[in-house]
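Notes for the one structure printed next.
The values are calculated or read from the model by the stated rules, or taken from the named source; none is laboratory data. Bear in mind that the values here come from a model prediction, so they are computed numbers and not experimental data. So basically every Cβ, Gly included, is an ideal-geometry build from the backbone, and we count neighbours across all protein chains shown. Each accessible area value is taken on the protein alone, full model and side chains, heavy atoms only, with ligands, DNA and RNA left out. Shrake-Rupley method; radii C 1.70, N 1.55, O 1.52, S 1.80 Å.
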Amino acid sequence: MLVLAIPIIIWSVTGSYFVLMDIGFIRSDHVVSKVEVIDPSQVQYSVGNVYQNYPKAQQISLKSVLSKAVYQVNLTDDKLLIDAQTGQVLERFN
């Protein structure tokens, strides 16, 4: 009888936890950061120009870094950040 009671008790406790707790907390909404929207007027340098300058790029992504639109270019052995307004390669910071 005890063999059947233990799983039912565990099931009841965990089920009660999900009912009593806020669903946002269970889904870890408090951990997820907000996505910063990129203003299209910040992008003057097209992704086509980036690809022309770096034809061996494995991936090109448009991102926001410190509220500034940049392209992240992943090369075979390097990663670059390129200003999306001017097309200049940004200096690395560690």
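Tally up the residues in the range 50-87 that are in a strand (DSSP E or B) and of a type outside the set (S, T, N, Q), please. Matching residues across the range 50-87 total 14. Here the range 34-58 is the region considered, the condition is being in contact with a Leu (Cβ under 9 Å, 6 or more places away or on another chain) and closer than 17 Å to Asp78 by Cα, and the residue that is surrounded by the fewest Cβ atoms within 10 Å (Cβ to Cβ) is Lys56. Only residues that are in a loop (DSSP other than H, G, I, E, B) and modelled with pLDDT under 85 were counted in the range 1-31, giving 6. In the range 73-84, the qualifying residues are those that are under 18 Å from the mean Cα position of the chain (by Cα) and closer than 10 Å to Val50 by Cβ, and the one that is least open to solvent (accessible area, probe 1.4 Å) is Val73. The set of residues in the range 39-49 that are closer than 12 Å to Tyr71 by Cα and either outside any loop (DSSP other than H, G, I, E, B) or of a type in the set (Ser, Thr, Tyr) (or both) comprises Gln42, Tyr45, Ser46, Val47, Gly48, Asn49. Entry remark, the range 52-62: residues being closer than 16 Å to Gln88 by Cβ and free of Cβ contacts under 8 Å to residues at least 24 places away in the same chain number 2 in total.
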